[in-house]
Amino acid sequence: MGAEASLGAARTLEPGNARAHHDLWVFRRKHGETAKARESYLASIKADPMYVDAWVALSALRLAEGDEKGAEASLEAALRLDPRHKHAHLAQL
């Protein structure tokens, strides 16, 4: 079984596990699968709306896609959840 299949299986076994979705979106983003990565970001946020890293990552993806308003909204969501989140502050630069 390949890495993506293993990560997908973990996500299927625990659909409410935001970390399982997180690991899959990291893999997909690294492999240039932007649309699939977006699905995984959103699934991670759905599984745990308080998962700040997913909001920050979604912001970066939206910015890379040219969606500045969406990126800003995602980053604002991250900062509302954790005003001291290091990566969220770095993304503001």
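Going by average Cβ neighbours within 10 Å, how do the peptides 65-71, 22-28, 48-54, 77-83 rank, with the highest at the top?
So the order, starting with the most tightly packed, is 22-28, 48-54, 77-83, 65-71.
Using a probe radius of 1.4 Å on heavy atoms only, what accessible surface per residue do you get for segment 42-81? Whole Å² is fine.
On a per-residue basis, 54 Å².
Once the Cβ-Cβ distance between ASP82 and THR34 is put in as r, and R0 is 25 Å, what FRET efficiency do you end up with, to the nearest 0.05? Numbers along the way, then the final one.
Numbers: r = 25 Å, r/R0 = 1.02.
Given R0 = 25 Å and the Cβ-Cβ separation, E is 0.50.
Report the Cα centroid-to-centroid distance between segment 66-81 and segment 42-62 in angstrom, as an integer.
Spelled out, the Cα-based centre of one part sits 10 Å from the other.
The values are calculated or read from the model by the stated rules, or taken from the named source; none is laboratory data. Worth saying up front: this structure is predicted, and the values here are computed from it rather than measured. Using ideal geometry, Cβ is built from the backbone for each residue, glycine included, and neighbour counts are taken over all protein chains shown. Remember, those area values only see protein heavy atoms, side chains included, never the ligands or the DNA or RNA. Shrake-Rupley method; radii C 1.70, N 1.55, O 1.52, S 1.80 Å.
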